[in-house]
Amino acid sequence: MPSLEVITLSVNSVSTLEPVSRCRQLSELYLRGNCIRSLAELCYLQGLPRLRVLWLAENPCCGPDPHRYRMTVLRNLPRLQRLDNQAVTEEELSQALLEGEEVTAPSREGTGNGQTELSYTLSTMTTAETHGDPLSFGEEEASSNVQEQLGLKPPARDRSPSFSQREAVSSRKNRSNVLTAILLLLRDLDAEGLEAVHQAVVGQRQALHKRDLQEDMD
């Protein structure tokens, strides 16, 4: 049934999302209280362009850390508008880029009792797979690449940094993470959205310039 738009299968012992991957028209998926064990199953939902509502609470894959679970789901399904009956905010989407974990397709490994268990793995990509995309490298490489794009000089590495040096490196790393998230979000903006961002950047630069002048006068 590839034309289904809404699927409600809460509390039905569902253990995999693989069959749902064929429902290309799906916009709402309700799977509360099932037996989905791994967030790697999210890979089966990434090819559903219309999916906006997902209810996945009360599944084993949610784990003991609700924040990490939510960030990981939003990192891998950034088009969602509601997750577990809670609206998704732009702030959460930006935060998910930094705190969420990217997952790969699930692999199944046999267990001692004859059952099948999903293994949860984070995605890793080689340089050949990235094709020069700075946002596809590891965190350190991506941060350095973002700095170069914005005309910033990457920090020099020190084998034995002092405490103050470690603080400075941490600050630069956090700034680079924010820049990486911004560049990724810009890809999804249309001309009107980019113009709004441009105006905000101009306003912020003017405010910073005014503050610098005020500090010089003081």
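The values are calculated or read from the model by the stated rules, or taken from the named source; none is laboratory data. The model shown is predicted, which means the values in this text are computed figures rather than measured ones. Counting neighbours? That spans all protein chains shown, and the Cβs are built from the backbone with ideal geometry, glycine included. The area values use the complete protein model at the heavy-atom level, side chains included, leaving out ligands, DNA and RNA. Shrake-Rupley method; radii C 1.70, N 1.55, O 1.52, S 1.80 Å.
With a ≥ b ≥ c taken as the square roots of the eigenvalues of the C-alpha gyration tensor of segment 6-99, please select rounded if a/c is under 1.5 and otherwise prolate if a/b is larger than b/c or oblate if it is not?
Oblate, since a/c reaches 1.5 and b/c is not below a/b.
Leaving out ligands and nucleic acids, note down the accessible area per residue over segment 6-99 with a 1.4 angstrom probe, in whole Å².
Counting only protein heavy atoms, the per-residue value for segment 6-99 is 49 Å².
May I ask you to order 63-69, 18-24 by the average number of other C-beta atoms within 10 Å around their residues, highest value first?
Highest to lowest by the protection proxy: 18-24, 63-69.
Sort 49-55, 84-90 for me by packing, meaning the mean count of neighbouring Cβ atoms within 10 Å per residue, highest on top.
49-55, 84-90
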